[in-house]
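The values are calculated or read from the model by the stated rules, or taken from the named source; none is laboratory data. Treat the numbers as computed from the prediction; the structure is a model and nothing was measured. Cβ placement follows ideal geometry from the backbone for every residue including glycine, while neighbour counts extend to all protein chains displayed.
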Amino acid sequence: MRAMILAAGRGERMRPLSDTLPKPLLPVGGKPLIVWHIERLVRAGITEIVINHAWLGHLIAAAVGDGSRFGAHILHVPESPALETAGGIAHALGQLGNDPFLVINGDIWCDWDPAKAGRATHTLAASDRAWLLLARNPPHHPGGDFHLDANGRVVAGGAETLTFTGIAIYRPEFFQGVDPTSPAPLAPLLRRAIRRGEVRGERHAGLWMDIGTPERLRELGRLLEAL
């Protein structure tokens with residue numbers, strides 16, 4: 001399985017820290033956020049990694065290089081301008097192959113083990129186009145995003161809402177019709193696929209954080225110090 005780390009965002013809410021460093025390079029627990037992801041992927045046996053970047057992307061490319069020091073093979077896919085989530089993935093499809101691939105937001109921290117991605121892929125039916133890792137709603141996002149039914153399918157309504165962690169598995173066909181040269185958000189694609197019954201999911205009970213602000217970055221640092 002190949003993986004893609006999304007690292008093209010500007011990080012407006014993370015300013016002024018993101019004025020000189022892209023969010024995925026912000027350090028926490030002794031290493032940049034993106035290095036946490038790369039190391040977890042390699043430990044899970046996922047060594048073919050694609051990274052897209054736009055804002056200060058040359059710093060990301062310089063920091064992680066070709067991945068050899070991590071035991072990985074990293075391909076960099078620059079964007080100008082940034083293509084948003086769906087556009088960025090569509091732009092990189094040629095580097096991701098024909099099989100389902102793992103995608104991780106570069107500005108999150110999660111203790112989920114990517115070695116579980118293979119098992120998750122095996123739960124996909126022929127008609128399924130995506131698998132999402134969901135978590136309990138954080139204080140800054142109490143309304144959540146999606147629902148998960150008892151059969152592991154992401155649905156439009158239910159008793160409990162959960163938050164999309166930014167970790168997912170997609171079949172390449174999920175992005176069929178997305179212009180790889182124009183910005184395109186992911187949410188409309190997900191909602192359409194959910195209405196069609198094409199998305200499965202799983203709830204993560206461990207630690208997950210969306211590192212969207214300096215305050216959350218400091219909070220994560222405190223949590224990691226206590227581990």
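Sort through His204, His141 and tell me the only one that's touching a residue at least 24 places away in the same chain (Cβ under 8 Å), surrounded by fewer than 17 Cβ atoms within 10 Å (Cβ to Cβ) and in contact with a strand residue (DSSP E or B) (Cβ under 8 Å, 6 or more places away or on another chain).
His141
Considering only the range 29-117, give the strands (runs of 3 or more DSSP E) lying wholly within it that have at least 3 residues that are touching a helix residue (DSSP H, G or I) at 6+ places or on another chain (Cβ under 7 Å). Correct list: 48-53, 73-78, 101-105. Taking the range 64-83 as the range and being under 20 Å from Leu186 (Cβ atoms) and buried (at least 19 other Cβ atoms within 10 Å of the Cβ) as the test, the residues that pass are Val77, Glu79, Leu83. A search for C-beta distances below 6 Å between a residue of the range 70-97 that is on the phi < 0 side of the Ramachandran plot and of a type in the set (Gly, Ala, Ser) and any residue that is in a loop (DSSP other than H, G, I, E, B) and crowded, with 22+ Cβ neighbours inside 10 Å, counting only pairs 6+ apart in sequence or on different chains, returns Ala82/Ala8; Ala86/Leu186; Gly88/Ala8. Checking the range 181-196 against the condition returns no match, with no residue being in a strand (DSSP E or B), touching an Asp or Glu at 6+ places or on another chain (Cβ under 9 Å), over 24 Å from Pro32 (Cβ atoms) and aliphatic (A, V, I, L, M).
Search the range 6-17 for residues being touching a Pro at 6+ places or on another chain (Cβ under 9 Å) and without any contact (Cβ under 8 Å) to a residue 60 or more places away in the chain, and hand back the single one that is surrounded by the most Cβ atoms within 10 Å (Cβ to Cβ).
Arg15
Consider Pro138 carefully, then state whether it is within 27 Å of Ala54 (Cβ to Cβ), of a type outside the set (D, E, K, R) and at pLDDT 95 or above. No; evaluated as a whole, the condition is false for this residue. Every condition in (1) on the phi > 0 side of the Ramachandran plot; (2) free of Cβ contacts under 8 Å to residues at least 12 places away in the same chain holds for Gly197 except the one numbered (2).
Is the range 129-137 home to any residue that is within 24 Å of Trp36 (Cα to Cα), in a helix (DSSP H, G or I) and among the hydrophobic types (A, V, I, L, M, F, W, C)? Within the range 129-137, none of the residues are within 24 Å of Trp36 (Cα to Cα), in a helix (DSSP H, G or I) and among the hydrophobic types (A, V, I, L, M, F, W, C). Could you say whether any residue in the range 152-159 is among the aliphatic types (A, V, I, L, M), in a strand (DSSP E or B) and closer than 30 Å to Glu215 by Cα? Scanning the range 152-159, I find no residue that is among the aliphatic types (A, V, I, L, M), in a strand (DSSP E or B) and closer than 30 Å to Glu215 by Cα, so the answer is no. Within the range 118-128, which residues are β-branched (Val, Ile, Thr) and part of a loop (DSSP other than H, G, I, E, B)? Within the range 118-128, just Thr123 meets the criteria.
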